[in-house]
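*Asks:* First the structure, which I've put down as structure tokens, then a few questions once you've had a look.
The values are calculated or read from the model by the stated rules, or taken from the named source; none is laboratory data. Source: prediction; values computed, not measured. A quick note on method: Cβ atoms are made from the backbone with ideal geometry, for glycine too, and the neighbour counts reach across all protein chains shown.
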Amino acid sequence: MRLKSFSRRTLGLGVFAAATSPAASTLSWSPVSLGQEPDAPTDRVNAPTARVHSTRVISRDDGYYCGWPTVTRRSNGQLILVWSGGREQHVCPFGRVDTMKSDDEGKTWSWPRTLLDGAIDDRDAGVLETANGSLLVTTFTSLAYVDYELKKAIREQGTEQGWSDSRLSNWLAVHERLSEKQRQGELGQWMIRSTDGGTTWSERYPSIVNSPHGPIQLSDGRLLYAGVKLWDPDRKVGVCQSIDDGQNWTWLAEIPTRPGDDSKNYHELHAVEAADGTIVVQIRNHNRMNHSETLQCESKDGGKTWTQPHSINIWGLPSHLLRLSDGRLLMSYGYRRSPFGIQVRLSEDFGESWSKSLTIASDGVGGDLGYPSTVELSGGRLLTVWYERMKLSPKAVLRQAEWSIEY
């Protein structure tokens, strides 16, 4: 069981600034070559700007910690949002996969519904609508709470630092409903599938790899899932594919490891197919070189072979990739140092270079935030959703920003 890597995601559980609906703000950008410092000045004329129209909290129950969401836009315009809900905190045994829908481009959201609630912690949730109209939702299961929280709570029982008897009793009740062998058997990376717009769902089934935002649809009809074999002894980093609308998955290719890196320090991948057919994959990096940056690799042959991961000179993670209707690529990511918040960047050359950062939110006060994903709305506006533990919210909430690219 791999637990060490989760400590890198249990970053400074802090407090955050209050949710607001600020007046629209405008920020500009200029392109950055992969060998250029991200903040170096450029002479670009008529560079686009990002105008943030509104920002608000959309989760409904502040009694639960909400984490690691993904939003997608269906072909009929409906938005589907999934996340890890029902939680007590960042690492706990209570996680489940929850969902909401919006039929008015995020102005209002339905009451939450639980899609999957396994016997141990269900974490990051991804979602995709396939070209056939099927919905695929992804997650992975974890026992990280045992080493990070439960063992310490048991040791400190009855001391001044210890938990209340009722809290410890609840954790143990959840933990001990399975034997240790059964708990280990629950570890995996999972997918559920709906063919009726999300009314009914399949049982969960293995997806080979996992990454926070799930698979993508390629132009040739295949589904491609870039991620990590989390619980396999070899813990390969690479891509798998489906040729039957997500019902079955096969391993396609391993992503090479950059010299000097350990692939165990590659996490939380996401992919996009650029307009020229290049498949771009970005990787959360925790190796010493370019630590806490997003690395990138590319495939020119449909995912069969990959370049070595390389730096794109962007600090922040993990990223979500989207191809806009005009062909540009959009990269959304969490910025877990001051100014804490959410940033995006654009690429006009199929991922070869990225713009300077555009700030979507910068009012956070700690690192327990991020995992943004973005969809394009009608009329060209964009909607970004992320999770954040805020100053006036004892548990992390879901936030969204509606914004647009303007000239």
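*Asks:* Hey, T141 hits all of (1) farther than 26 Å from S211 by Cβ; (2) surrounded by 11 or more Cβ atoms within 10 Å (Cβ to Cβ); (3) without any contact (Cβ under 8 Å) to a residue 60 or more places away in the chain; (4) under 30 Å from the mean Cα position of the chain (by Cα) but one; which does it fall short on?
*Replies:* All conditions pass for T141, except number (1).
*Asks:* Would you call Q247 in contact with a Ser or Thr (Cβ under 7 Å, 6 or more places away or on another chain) and either surrounded by fewer than 22 Cβ atoms within 10 Å (Cβ to Cβ) or free of Cβ contacts under 8 Å to residues at least 12 places away in the same chain (or both)? Outline the logic, then answer.
*Replies:* Numbers: in contact with a Ser or Thr (Cβ under 7 Å, 6 or more places away or on another chain): no; either surrounded by fewer than 22 Cβ atoms within 10 Å (Cβ to Cβ) or free of Cβ contacts under 8 Å to residues at least 12 places away in the same chain (or both): yes.
Judged against the criteria, Q247 is not a match.
*Asks:* Suppose we filter region 281-314 for residues that are among the aromatic types (F, W, Y) and in contact with a helix residue (DSSP H, G or I) (Cβ under 9 Å, 6 or more places away or on another chain); how many remain?
*Replies:* Pass one, region 281-314, residues among the aromatic types (F, W, Y): 306.
If we keep only those that are in contact with a helix residue (DSSP H, G or I) (Cβ under 9 Å, 6 or more places away or on another chain) too, we end up with none.
Residues flagged as among the aromatic types (F, W, Y) and in contact with a helix residue (DSSP H, G or I) (Cβ under 9 Å, 6 or more places away or on another chain) within region 281-314 amount to 0.
*Asks:* With respect to S84, is the statement that it is free of Cβ contacts under 8 Å to residues at least 24 places away in the same chain and either surrounded by 15 or more Cβ atoms within 10 Å (Cβ to Cβ) or more than 29 Å from G221 (Cβ to Cβ) (or both) true? Outline the logic, then answer.
*Replies:* Details: free of Cβ contacts under 8 Å to residues at least 24 places away in the same chain: no; either surrounded by 15 or more Cβ atoms within 10 Å (Cβ to Cβ) or more than 29 Å from G221 (Cβ to Cβ) (or both): yes.
For S84, the condition - free of Cβ contacts under 8 Å to residues at least 24 places away in the same chain and either surrounded by 15 or more Cβ atoms within 10 Å (Cβ to Cβ) or more than 29 Å from G221 (Cβ to Cβ) (or both) - is not met.
*Asks:* Hey, does region 195-218 have a residue that's touching a strand residue (DSSP E or B) at 6+ places or on another chain (Cβ under 9 Å), in contact (Cβ under 8 Å) with a residue 60 or more places away in the chain, surrounded by fewer than 19 Cβ atoms within 10 Å (Cβ to Cβ) and over 30 Å from W111 (Cα atoms)?
*Replies:* Within region 195-218, one or more residues are touching a strand residue (DSSP E or B) at 6+ places or on another chain (Cβ under 9 Å), in contact (Cβ under 8 Å) with a residue 60 or more places away in the chain, surrounded by fewer than 19 Cβ atoms within 10 Å (Cβ to Cβ) and over 30 Å from W111 (Cα atoms).
*Asks:* Have a look at T108, T49, T70 and point out the one that is of a type in the set (S, T, Y) and within 16 Å of the chain's Cα centre (by Cα).
*Replies:* T70
*Asks:* Something else: Mind checking whether some residue in region 114-128 is part of a helix (DSSP H, G or I), among the small types (G, A, S) and within 16 Å of L187 (Cβ to Cβ)? Spell out how you get there, then give the answer.
*Replies:* Quick first cut of region 114-128, residues part of a helix (DSSP H, G or I) only: none.
No: zero hits.
*Asks:* Hey, does region 367-376 have a residue that's surrounded by fewer than 23 Cβ atoms within 10 Å (Cβ to Cβ), within 20 Å of the chain's Cα centre (by Cα), of a type in the set (F, W, Y) and modelled with pLDDT of 95 or more? Write out each step before concluding.
*Replies:* Kept after step one, since they are surrounded by fewer than 23 Cβ atoms within 10 Å (Cβ to Cβ), are these residues of region 367-376: 367, 375-376.
Still in the running and within 20 Å of the chain's Cα centre (by Cα): 367, 375-376.
Going one step further and asking which of them are of a type in the set (F, W, Y), we end up with none.
So far as region 367-376 goes, no, none of its residues is surrounded by fewer than 23 Cβ atoms within 10 Å (Cβ to Cβ), within 20 Å of the chain's Cα centre (by Cα), of a type in the set (F, W, Y) and modelled with pLDDT of 95 or more.
*Asks:* Return a yes/no flag: does region 172-188 have any residue that is in contact (Cβ under 8 Å) with a residue 60 or more places away in the chain, of a type in the set (D, E), over 20 Å from L136 (Cβ atoms) and part of a loop (DSSP other than H, G, I, E, B). Can you show your working first?
*Replies:* Filtering region 172-188 down to residues in contact (Cβ under 8 Å) with a residue 60 or more places away in the chain leaves 174-175, 182-184, 186-187.
With the extra rule that they be of a type in the set (D, E), the set shrinks to 186.
Keeping just the survivors that are over 20 Å from L136 (Cβ atoms) gives 186.
From what's left, part of a loop (DSSP other than H, G, I, E, B): 186.
Yes; the residues of region 172-188 include at least one that is in contact (Cβ under 8 Å) with a residue 60 or more places away in the chain, of a type in the set (D, E), over 20 Å from L136 (Cβ atoms) and part of a loop (DSSP other than H, G, I, E, B).
*Asks:* For region 353-364, enumerate the residues that are over 20 Å from E402 (Cβ atoms) and surrounded by fewer than 19 Cβ atoms within 10 Å (Cβ to Cβ).
*Replies:* Within region 353-364, just S353 meets the criteria.
Each row is one residue, and each column tells you yes or no for (1) assigned to a loop (DSSP other than H, G, I, E, B); (2) surrounded by 24 or more Cβ atoms within 10 Å (Cβ to Cβ).
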position	(1), (2)
I342	no, yes
T384	no, yes
K391	yes, no
E402	no, no
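*Asks:* Another question, if that's okay. Looking only at region 73-102, which residues are within 22 Å of M191 (Cβ to Cβ), small (G, A, S) and over 19 Å from the mean Cα position of the chain (by Cα)?
*Replies:* S75
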